[in-house]
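Engineer: Take a look at the following structure, please.
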Amino acid sequence: MNSITFFHCADLHLDTPFRNLASKPGLPALRRKEILNGLTRLIDNAREEKPDFLFIPGDLFEHEYTGLRTVSAVNSLFASIPETKIVLIAGNHDPEAANSHYKTYAWSSNVTFIGGDSDSVYFEDLNTEVFGLGWISGTGQAAKLETMETDENRINILLFHGDVDLQIGDNDYNSISSGLLKSKGFDYVAAGHNHKKKTGGNTGIFYNPGSLEPLGFDEPGIHGYFLGTISRNYLPDVKFIENTTTVYKTIELDISGLDTNQMIADSIIPQLVPENVLYKIVLKGTKHMDFSPDTELIGEAISNAALFAKVRDDSSVSIQLDEILLMKGLKGEFTRLMLEKIEAADEDEKDFFEKALYYGIEAIDNGRIERAGGEDL
Amino acid sequence: MRIKKLLINGYGRFIEKEINFSDKFNLVFGKNEAGKSTIQSFIKAMLFDFPRKNIDGEGRLPDSRKYKPWTGDAFGGILETEIDGGGFLKIERDFNRKKAAVYDENLRDITNEFPYSKKSGLAAGEKLLSMDRNCFENTAFIRQGGTIVLQDDRKNLYEKLMNISHTGNENTSAASANSALSKAITALGNKKTKNRPYNIALSEYNRLSAALESAEDKRREMADYSKRRLELVDEINVLKKAAEEYEAYISANKLEEQKTELLRLKGKYEAFSNDLANLSDEIFKVRGKIEKNRLPESITEPSILENIRKTASAIEKQKSIFVKDPEKNHRKLEAVKRKKKIWLAVCYTGVTLTALLGILLHTYFFIGTAILTALLIYLHLRKGSYTEEDLLEQINLQKECRNDLIMVNAFIESAGRSKSESFEEAETILNELFEQKNLSVSLEGNLKRLLERKTDIERFRNDVPGQYGSILNIEKAIDEISGKLKNAIAHGDHIASQKDPRPDLDAARRELAGVKAVLRENMQSDEEVALIEEALVLYKDKLDLIDTEIKAMETASETISQAAQKLQEDIIPRLNKQTGDLLEKITAGTHSILATGLDRDINTEYQNAIHSLWEFSDGTIDQMYFALRVAAADVFSEKESVPLIIDEAFAYYDEDRIRSTFDLLTEIAGDRQVIVFTCKEKEVELAAEYKDVNIIRL
């Protein structure tokens, strides 16, 4: 029986900007370093396990942002495991192009890039043929699957940057059909692109480890990579290795009945742990018409309780007819008009009109606006 | 709603104070500091709790601190009311414990039917009157218009009138609200301002945009450099080969010489190698011989060898004795002893016979016998060459020799040989061993010389490659030169027609060095593009936020204007009408219409002509203010009638005006409760003239 061992990681997006963490100086740079550290840990493990292959199916880099220093560091890591063959394809964030690092850098001899000029590379010593479906500039190469032919006497592996059985906007997502995939005789599909882990799929061979390090609040939990064995004519034996040190977590807090920024901060703080977790706090529930949580102030109040905590206000104004009736004259009339506008607004415009409501009430009640746009006026 | 009773447990100066109100006209009299304001504050606090702010806009102490009793624990009380639809409510508050409760006419606790929030407390008044504290104050409370002495006071009163007529609230105006929004918009900044949050954010945004563009250009440039490096490496490899071929071609002779020299070195090296091989063989053989002739370690000890040699010499000397049969000497000794005995017997017999014959026969026999005896003794002495002593000595000597031989044999056996039985054999073996020893010494010396020679030759051979380092390098160089020569010959014509590739090679190498230097330098100072973008995003977000805030404030401002317009259209005409009616009553028909409009002026009809408010006396303006406030209380409290609480509002009224105002208030009290606070005895006197007036003296 012919078999090989492998590591499979994807979607590192090295040097990607972390716009959603930009408000904390130094944190985005730390996260970028953590991605490289994650790869270093993987390589350290590979140095011990000595797998035959390391598959990285695309988005190793964030092309627009990756500097040569990072490329050089990655290449040094690759060169440090000469017994492992590293096979790369391009993703939509690091597409194959004239200025692609895959094309312009002098890579270590154990690195193989499968680009658009060839469908596959055959590794004779391991009787393994690795196929690639990556991205050339802005276009996924999924359509090439139709013409790919495997040799049943070899182990056949497909490196693929895209998703399977997506019905919408296939071109944008580089989608392939599981039926076609099944008919092609691959022993393992090493996929990337979707940052959420997928094991086996309905073909039993489609594996996507998700992003090596979580890159945003829509990627909660522990991330990592696959380690496994592929044997000809058998389903792959795959194990997930957890590799993350920092995780993203979203906490929803019902602020109904909480009507000061401090009360909200006090409710959040006990739920936070100080290290290795990046929080998004979403304020839910209802708020009174004359109180709008200041997310910036709340963020400052809880900033010492966590590595990072970003507050978003998704609460809605509690509208009670009695309350509107309370407001006679200009305030009442203004509130009624604003509530009509909020009611009629699209979901994404409601925040804007709520903001206008709060400013109007503050102007009417106090004759001045004390704070706007995060600035004391 | 009508306030029936106040039970003050503790509030300001009042401890355990009860005040009962009638449903209609109430007049509360008290000198200054008697507690009129305290009662008004108590009513507001019982209905609405205390306001949130600790210090009001003008820096005064809040009521929660101002009216906290200095003595006693109690701070609170009970307010009993009757509501319009019938029904009774009792509101009880303990401000110390921040507790509040509401009971119905059956004293059932109905607190949970009222809204509550941590910030605002129990909203009893809100629920009851459908208005907040602010609105209640503006609707129910009418205070003195102001001492209109200065122009600013007139202006202030005018503003209040305008505000009520436009917004229903004397402290609220659409203009001031819009002005606040406009100021905030300007404070945030725009393209025309300087050093405002908008300008600071925009300036940083522009700076970072330029930095980002530059960093991206640099990153692209570095990618081009990286690509160029790969191209140059390929180019150099091609040029290098071409240059080598070219050089080989143009320097074929030199190459030949070089090759000859290399071959000579190689030959010399190989000759030394042959010598070394031969020497090694010889050394191997000598070592074999040494091994073969090696004697046991003990034997090679010189002292043992010397002793053996001495023993062997001793044996050599006694060889003749040694070789004889030792038994023979013993037998000989026995024979000698026997012979001696026989001879002694013969001698004794002859002597005896001679003596007998001489005696018996003749004397001559003595002579003959003596001669015979002497002859026999002589023969005995002459024949006996081995004396007994000699034989004993020989036997002892032989024994010693035997012992020596045993020792020699032990030595021979220890040298690995078979012991010898004979002296000759022992001697031979011993000689052989000595020869072997001598040979071994000689071989060791030989080996030493051979090894020294080998070391010398090795050194000579190692010196041969010289600058080439090793024979492998010489061979490699010979191969390379041979290849070059072969190429030079094979491609001679082709190379001759090409231009010299070496300048291009040099240029490519120089360019590669430059590219590498640029890449190296860049890698050291490689600034993260992402870092700039993140900072940029912060300022972009800030600009977007400011933009959104400004738009939200503009929307708020527009909506305030719309609301003001709507009030003008829907409510203000009713307010004006009601104010006009009231004004007519309190001015005895002198003024009948109060018209306010968006032109920010207030007019009244007087003597069939429209006059501006400013044309009238302060007292008249005060009356107009009063009329407007009373009308506002009516217009803006639609759900539940709010008590009209009038505080020292008639300070500058003359008796006629007070009387006509009391006429009006008596009329109003038919629909809503009226509570007038005054410090003027005159007003008490005038009020006493009316029926159903409840006068309360503090």
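Engineer: Could you please let me know if A:Leu54 is more than 14 Å from chain B (Cβ to nearest Cβ) and either touching a Cys at 6+ places or on another chain (Cβ under 9 Å) or open to solvent by less than 30 Å² (accessible area, probe 1.4 Å) (or both)?
Structural biologist: Details: more than 14 Å from chain B (Cβ to nearest Cβ): yes; either touching a Cys at 6+ places or on another chain (Cβ under 9 Å) or open to solvent by less than 30 Å² (accessible area, probe 1.4 Å) (or both): yes.
Here the answer is yes, as A:Leu54 does meet what is asked.
Engineer: Test B:Ala210 against the criterion of being assigned to a helix (DSSP H, G or I) and modelled with pLDDT under 85, and give yes or no.
Structural biologist: Working: assigned to a helix (DSSP H, G or I): yes; modelled with pLDDT under 85: no.
So B:Ala210 fails the test.
Engineer: While we're here: Within segment A:96-108, is even one residue buried (at least 18 other Cβ atoms within 10 Å of the Cβ) and more than 14 Å from chain B (Cβ to nearest Cβ)?
Structural biologist: no
Engineer: Right, here's the next one. So, in segment A:332-356, of the ones that are in contact (Cβ under 8 Å) with a residue 24 or more places away in the chain and at the interface with chain B (Cβ under 7 Å from one of its Cβ atoms), which residue ends up surrounded by the fewest Cβ atoms within 10 Å (Cβ to Cβ)?
Structural biologist: A:Lys355
Engineer: Only residues that are surrounded by fewer than 16 Cβ atoms within 10 Å (Cβ to Cβ) and farther than 16 Å from B:Leu375 by Cα: list them for segment B:345-362, please.
Structural biologist: Answer for segment B:345-362, where residues must be surrounded by fewer than 16 Cβ atoms within 10 Å (Cβ to Cβ) and farther than 16 Å from B:Leu375 by Cα: B:Ala355, B:Leu356, B:Ile359, B:Leu360, B:Leu361, B:His362.
Engineer: Out of all the residues in segment B:554-569, which are facing another protein chain (nearest Cβ under 7 Å) and buried (at least 22 other Cβ atoms within 10 Å of the Cβ)?
Structural biologist: Residues of segment B:554-569 facing another protein chain (nearest Cβ under 7 Å): B:555-556, B:559-560, B:562-564, B:566-567.
Of everything in segment B:554-569, those that are facing another protein chain (nearest Cβ under 7 Å) and buried (at least 22 other Cβ atoms within 10 Å of the Cβ) turn out to be B:Ala556, B:Thr559, B:Ile560, B:Ala563, B:Ala564, B:Leu567.
Engineer: Looking only at segment A:1-19, which residues are at pLDDT 95 or above and over 29 Å from A:Lys310 (Cβ atoms)?
Structural biologist: If the condition is that a residue be at pLDDT 95 or above and over 29 Å from A:Lys310 (Cβ atoms), then A:Ile4, A:Thr5, A:Phe6, A:Phe7, A:His8 are the ones that fit.
Engineer: In segment A:366-377, how many residues are at the interface with chain B (Cβ under 7 Å from one of its Cβ atoms) and either more than 38 Å from the chain's Cα centre (by Cα) or part of a helix (DSSP H, G or I) (or both)?
Structural biologist: Residues of segment A:366-377 that are at the interface with chain B (Cβ under 7 Å from one of its Cβ atoms), as a first pass: A:367-369, A:372-375, A:377.
Now restrict to residues that are either more than 38 Å from the chain's Cα centre (by Cα) or part of a helix (DSSP H, G or I) (or both): A:367-369.
Residues meeting the conditions: 3.
Engineer: On the basis of being over 30 Å from B:Leu519 (Cβ atoms), touching a residue at least 24 places away in the same chain (Cβ under 8 Å) and assigned to a helix (DSSP H, G or I), does A:Asn156 make the cut?
Structural biologist: For A:Asn156, the condition - over 30 Å from B:Leu519 (Cβ atoms), touching a residue at least 24 places away in the same chain (Cβ under 8 Å) and assigned to a helix (DSSP H, G or I) - is not met.
Engineer: Name the residues in segment A:172-223 that are among the aromatic types (Phe, Trp, Tyr) and either open to solvent by 50 Å² or more (accessible area, probe 1.4 Å) or touching a Pro at 6+ places or on another chain (Cβ under 8 Å) (or both), would you?
Structural biologist: Step one: of segment A:172-223, the residues among the aromatic types (Phe, Trp, Tyr) are A:173, A:186, A:188, A:206-207, A:217.
Of everything in segment A:172-223, those that are among the aromatic types (Phe, Trp, Tyr) and either open to solvent by 50 Å² or more (accessible area, probe 1.4 Å) or touching a Pro at 6+ places or on another chain (Cβ under 8 Å) (or both) turn out to be A:Tyr173, A:Tyr188, A:Tyr207.
Engineer: Please verify whether B:Gly466 is over 60 Å from the mean Cα position of the chain (by Cα), of a type in the set (Gly, Ala, Ser) and at pLDDT 75 or above, treating the condition exactly as stated. Steps first, please.
Structural biologist: Details: over 60 Å from the mean Cα position of the chain (by Cα): no; of a type in the set (Gly, Ala, Ser): yes; at pLDDT 75 or above: yes.
It is false that B:Gly466 is over 60 Å from the mean Cα position of the chain (by Cα), of a type in the set (Gly, Ala, Ser) and at pLDDT 75 or above.
Engineer: Follow-up. Considering only residues that are modelled with pLDDT of 90 or more, open to solvent by 20 Å² or more (accessible area, probe 1.4 Å) and within 8 Å of chain B (Cβ to nearest Cβ), which ones fall in segment A:20-43?
Structural biologist: Residue satisfying the conditions is A:Ala29 alone.
Engineer: Looking at segment B:641-655, can you tell me whether even one residue there is over 26 Å from B:Ile43 (Cα atoms) and among the polar types (S, T, N, Q)?
Structural biologist: No, every residue in segment B:641-655 fails to be over 26 Å from B:Ile43 (Cα atoms) and among the polar types (S, T, N, Q).
Engineer: Return a yes/no flag: does segment B:194-202 have any residue that is within 14 Å of another protein chain (Cβ to nearest Cβ), buried (at least 21 other Cβ atoms within 10 Å of the Cβ), under 30 Å from A:Gly67 (Cβ atoms) and under 47 Å from the mean Cα position of the chain (by Cα). Working first, answer last.
Structural biologist: Of all residues in segment B:194-202, those within 14 Å of another protein chain (Cβ to nearest Cβ) come to B:195-202.
Among the residues that remain, those that are also buried (at least 21 other Cβ atoms within 10 Å of the Cβ) are: B:197-198, B:201.
From the residues that got through so far, the ones that are under 30 Å from A:Gly67 (Cβ atoms) too are B:201.
Then drop every residue that is not under 47 Å from the mean Cα position of the chain (by Cα), which leaves B:201.
Scanning segment B:194-202 turns up at least one residue that is within 14 Å of another protein chain (Cβ to nearest Cβ), buried (at least 21 other Cβ atoms within 10 Å of the Cβ), under 30 Å from A:Gly67 (Cβ atoms) and under 47 Å from the mean Cα position of the chain (by Cα).
Engineer: If you go through segment B:573-617, how many residues are in a helix (DSSP H, G or I), crowded, with 16+ Cβ neighbours inside 10 Å and either of a type outside the set (D, E, K, R) or modelled with pLDDT under 75 (or both)?
Structural biologist: Counting residues in segment B:573-617 that are in a helix (DSSP H, G or I), crowded, with 16+ Cβ neighbours inside 10 Å and either of a type outside the set (D, E, K, R) or modelled with pLDDT under 75 (or both) gives 9.
Engineer: Could I ask something else about it? What residue, among those in segment B:110-126 that are crowded, with 17+ Cβ neighbours inside 10 Å and within 10 Å of another protein chain (Cβ to nearest Cβ), is modelled with the highest pLDDT? Spell out the reasoning first.
Structural biologist: Kept after step one, since they are crowded, with 17+ Cβ neighbours inside 10 Å, are these residues of segment B:110-126: B:114, B:120-126.
This time we only want the ones that are within 10 Å of another protein chain (Cβ to nearest Cβ), so: B:120, B:123, B:125-126.
Numbers: B:Ser120: 66, B:Ala123: 78, B:Gly125: 83, B:Glu126: 77.
Restricting to residues being crowded, with 17+ Cβ neighbours inside 10 Å and within 10 Å of another protein chain (Cβ to nearest Cβ), the top hit is B:Gly125.
Engineer: Another question, then. Any idea which residue in segment A:269-292 is most open to solvent (accessible area, probe 1.4 Å), counting only those that are among the basic types (Lys, Arg) and under 20 Å from A:Phe217 (Cβ atoms)? Even if it seems obvious, please write down each step before you answer.
Structural biologist: Pass one, segment A:269-292, residues among the basic types (Lys, Arg): A:280, A:284, A:287.
Then drop every residue that is not under 20 Å from A:Phe217 (Cβ atoms), which leaves A:280, A:284.
Details: A:Lys280: 42, A:Lys284: 74 Å².
Ranking the qualifying residues of segment A:269-292, first place goes to A:Lys284.
Engineer: Moving to a separate point now. Does A:Leu181 qualify as being more than 22 Å from A:Asn2 (Cβ to Cβ), in contact with a strand residue (DSSP E or B) (Cβ under 7 Å, 6 or more places away or on another chain) and part of a helix (DSSP H, G or I)? Let's see the steps before the verdict.
Structural biologist: Details: more than 22 Å from A:Asn2 (Cβ to Cβ): no; in contact with a strand residue (DSSP E or B) (Cβ under 7 Å, 6 or more places away or on another chain): yes; part of a helix (DSSP H, G or I): yes.
No; evaluated as a whole, the condition is false for this residue.
Engineer: Checking A:Glu83 against (1) open to solvent by 50 Å² or more (accessible area, probe 1.4 Å); (2) closer than 19 Å to B:Ile532 by Cβ: exactly one of these is not met. Which one?
Structural biologist: (2)
Engineer: Only one of A:Asp266, A:Asp259 is within 14 Å of chain B (Cβ to nearest Cβ), surrounded by 15 or more Cβ atoms within 10 Å (Cβ to Cβ) and not in a strand (DSSP E or B). Can you tell me which? Before the answer, list the steps.
Structural biologist: On the way: A:Asp266 fails: surrounded by 15 or more Cβ atoms within 10 Å (Cβ to Cβ).
Unique residue meeting the criteria: A:Asp259.
Engineer: Still on this structure: Among the candidates B:Glu511, B:Glu534, which residue alone is more than 10 Å from every other protein chain (Cβ to nearest Cβ) and either open to solvent by 70 Å² or more (accessible area, probe 1.4 Å) or within 49 Å of the chain's Cα centre (by Cα) (or both)? Spell out how you get there, then give the answer.
Structural biologist: Values: B:Glu534 fails: more than 10 Å from every other protein chain (Cβ to nearest Cβ).
From the options B:Glu511, B:Glu534, the qualifying one is B:Glu511.
Engineer: For the condition more than 21 Å from B:Glu327 (Cα to Cα) and open to solvent by less than 90 Å² (accessible area, probe 1.4 Å), what is the one hit in B:Thr387, B:Thr369? Give the steps one after another, and end with the answer.
Structural biologist: Details: B:Thr387 fails: more than 21 Å from B:Glu327 (Cα to Cα).
After ruling out the rest, the residue left standing is B:Thr369.
Engineer: Of the conditions (1) free of Cβ contacts under 8 Å to residues at least 40 places away in the same chain; (2) part of a helix (DSSP H, G or I); (3) surrounded by 19 or more Cβ atoms within 10 Å (Cβ to Cβ), A:Gly299 clears all except one; give me its number.
Structural biologist: (1)
Engineer: Something else about it: Which of (1) surrounded by 17 or more Cβ atoms within 10 Å (Cβ to Cβ); (2) under 30 Å from B:Asp506 (Cα atoms); (3) out of contact with any Lys or Arg (no Cβ under 7 Å at 6 or more places or on another chain) does B:Ser173 not meet, given it meets every other one?
Structural biologist: Of (1) surrounded by 17 or more Cβ atoms within 10 Å (Cβ to Cβ); (2) under 30 Å from B:Asp506 (Cα atoms); (3) out of contact with any Lys or Arg (no Cβ under 7 Å at 6 or more places or on another chain), only one is false for B:Ser173: (2).
The values are calculated or read from the model by the stated rules, or taken from the named source; none is laboratory data. Computed from a predicted structure; not experimentally measured. Cβ sites come from the backbone with ideal geometry, for glycine too, and all protein chains shown count toward neighbours. Heads up: the accessible areas ignore ligands, DNA and RNA and are worked out on the full protein's heavy atoms, side chains in. Shrake-Rupley method; radii C 1.70, N 1.55, O 1.52, S 1.80 Å.
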